[in-house]
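S.K.: Have a look at this one.
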Amino acid sequence: MTHGSPPGGGWRAEIDAATALLASAGVASPGADALALAQAVAGIPLGRFRAALITGSLAPAPGELDRLRELAERRARREPLQHILGVAHFRALTLAVGPGVFVPRPETEIVVAAALEAIAPLTDGAVVADLCAGSGAIGFAIADEFPAARVWSVELDRRAFEWTTRNHAALDEGTMRRVTIQRGDARTALAPLNGTVDLVVSNPPYVPPGAIPRDEEVAKHDPAVALYGLGPDGLAVPAGIVAAAERLLKPGGTLVMEHAEVQAEAARGLLDPARWTAVRTRPDLTGRSRMVIGRRTANLSPGASPDETIEESEK
Ligand SMILES: C[S@@+](CC[C@H](N)C(=O)[O-])C[C@H]1O[C@@H](n2cnc3c(N)ncnc32)[C@H](O)[C@@H]1O
């Protein structure tokens, strides 16, 4: 980059052209994406880049506008923005992402918030299992934000686990030491921890078989193993996660599991009242029912009455 171009030229014109290209390709947020691509090419912090655009005080270095055009063309072919940039921002973390791994979503940040609430009193130590870890987003964010957490993150898929491993290695040393990553099937993993875990948190695959995601970014770039939850309703893997949580959690431990908006009732139904109490659905920031939460009981005797099952939004 160089300094001193006239306002309106250079970057601004190319960002406007990229915005128009992305809009015509059906990208949902063309202006924001064009700006993010330009900022990545310029290689300076977003605030400074925006200010420089307003004042016209930043002239592109040779090749930078060509590079922006190339990236915009990739985005117009509906390659996810995060794959092009190579990173996804999740809570306070910047995670490496690309082909083979699910791009973490903003709604899952609320799953982390619910998980952190559940372990907040456990300041002397909380044992956490993140089942279906992908990039590592959930478990690594919990370890990053809750210093008393000891986290186990489990991922099945070989390619996804390469990203789990890479993001684990990039954590700061103190956080990394509190996180163990493991490749395996979450439904059977971590047997040595049976009955000792305070929190099981999971964003499992849960899309039903026929529900092909509408956005090309998702349908073509998120791995099928990350999307489809198997079984007629997409809840076969989530049911396996619930069973794993029953095995792993200590009495009083909490399960927080993400699901699709239409699966709220079915997801609550996965938690058998004989083994779970305080089962509830929690909305995301836009009010959509997106996660089920339950507390593991000591096994109740037959006929004992569990707490009511509720929609938190209805309280
Ligand atoms: C929806 S993605 C979630 C990734 C990450 N937790 C997040 O929230 O961004 C689901 C992940 O579960 C993995 N997965 C699917 N079945 C699994 C299983 N049986 N055991 C462990 N991981 C599994 C997929 O490979 C994928 O990485």
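S.K.: Taking the condition in the same structural domain as His259 (by TED's automatic domain parsing), at negative phi, outside any strand (DSSP E or B) and not small (Gly, Ala, Ser), does Leu122 pass?
M.R.: Taking the combined requirement at face value, the residue satisfies it.
S.K.: Please determine whether any residue of the range 110-123 is within 14 Å of the ligand (Cβ to nearest atom), under 29 Å from Glu261 (Cβ atoms) and free of Cβ contacts under 8 Å to residues at least 24 places away in the same chain.
M.R.: So far as the range 110-123 goes, yes, one or more of its residues are within 14 Å of the ligand (Cβ to nearest atom), under 29 Å from Glu261 (Cβ atoms) and free of Cβ contacts under 8 Å to residues at least 24 places away in the same chain.
S.K.: Here's another thing I want to ask about it. Output the number of residues of the range 28-85 satisfying the condition of being part of a helix (DSSP H, G or I), more than 25 Å from Pro99 (Cβ to Cβ) and not small (Gly, Ala, Ser).
M.R.: Final tally of qualifying residues: 9.
S.K.: Shifting gears a bit: May I ask you to verify whether Gly100 is in contact (Cβ under 8 Å) with a residue 60 or more places away in the chain, of a type in the set (Gly, Ala, Ser) and at positive phi?
M.R.: yes
S.K.: Can you tell which of Ala219, Ala236 is more than 16 Å from the chain's Cα centre (by Cα), within 29 Å of Ala76 (Cα to Cα) and hydrophobic (A, V, I, L, M, F, W, C)?
M.R.: Among Ala219, Ala236, only Ala219 is more than 16 Å from the chain's Cα centre (by Cα), within 29 Å of Ala76 (Cα to Cα) and hydrophobic (A, V, I, L, M, F, W, C).
S.K.: Report the residue count in the range 84-99 for those that are near the ligand (Cβ under 9 Å from one of its atoms) and in contact with an Asp or Glu (Cβ under 9 Å, 6 or more places away or on another chain).
M.R.: 1
S.K.: Moving on. What is the residue count in the range 219-247 for residues that are in a loop (DSSP other than H, G, I, E, B) and near the ligand (Cβ under 10 Å from one of its atoms)?
M.R.: Number of matching residues: 4.
S.K.: Among the listed residues Ile212, Ile138, identify the single one that is without any contact (Cβ under 8 Å) to a residue 12 or more places away in the chain and in contact with a helix residue (DSSP H, G or I) (Cβ under 7 Å, 6 or more places away or on another chain).
M.R.: Numbers: Ile138 fails: without any contact (Cβ under 8 Å) to a residue 12 or more places away in the chain.
Selected residue: Ile212, the only one of Ile212, Ile138 that is without any contact (Cβ under 8 Å) to a residue 12 or more places away in the chain and in contact with a helix residue (DSSP H, G or I) (Cβ under 7 Å, 6 or more places away or on another chain).
S.K.: Looking at Arg74, Arg78, which one is in contact with a helix residue (DSSP H, G or I) (Cβ under 8 Å, 6 or more places away or on another chain) and touching a residue at least 12 places away in the same chain (Cβ under 8 Å)?
M.R.: Going through Arg74, Arg78 in turn, just one is in contact with a helix residue (DSSP H, G or I) (Cβ under 8 Å, 6 or more places away or on another chain) and touching a residue at least 12 places away in the same chain (Cβ under 8 Å): Arg78.
S.K.: Answer with yes or no whether Leu46 is farther than 25 Å from Val207 by Cα and of a type outside the set (Lys, Arg).
M.R.: Judged against the criteria, Leu46 is a match.
S.K.: Hey, can you tell me all the residues within the range 28-40 that are more than 14 Å from Ile84 (Cα to Cα) and buried (at least 16 other Cβ atoms within 10 Å of the Cβ)?
M.R.: Pro30
S.K.: Which one of Arg12, Arg67, Arg48 is without any contact (Cβ under 8 Å) to a residue 40 or more places away in the chain, farther than 28 Å from Lys220 by Cα and out of contact with any Cys (no Cβ under 6 Å at 6 or more places or on another chain)?
M.R.: Unique residue meeting the criteria: Arg48.
S.K.: Follow-up. Condition check: more than 9 Å from the ligand (Cβ to nearest atom) and assigned by TED's automatic domain parsing to the domain that holds Gly125. Does Thr254 satisfy that?
M.R.: When the stated conditions are applied, Thr254 passes them.
S.K.: Yes or no: the range 239-248 includes at least one residue that is within 15 Å of Ala115 (Cα to Cα) and modelled with pLDDT of 95 or more.
M.R.: Checked the range 239-248: at least one residue is within 15 Å of Ala115 (Cα to Cα) and modelled with pLDDT of 95 or more.
S.K.: Going by what's in this entry, would Ala88 be described as without any contact (Cβ under 8 Å) to a residue 60 or more places away in the chain and either loosely packed, with under 14 Cβ neighbours inside 10 Å or not in a helix (DSSP H, G or I) (or both)?
M.R.: Here the answer is yes, as Ala88 does meet what is asked.
S.K.: Between Glu109, Glu117, which is surrounded by fewer than 16 Cβ atoms within 10 Å (Cβ to Cβ), assigned by TED's automatic domain parsing to the domain that holds Gly253 and not in a loop (DSSP other than H, G, I, E, B)?
M.R.: Exactly one residue qualifies, and that residue is Glu117.
The values are calculated or read from the model by the stated rules, or taken from the named source; none is laboratory data. Fair warning: this is a prediction, and the values are worked out from it, not measured in the lab. With ideal geometry, Cβ positions are generated from the backbone for all residues, glycine too; neighbour counts draw on all protein chains shown.
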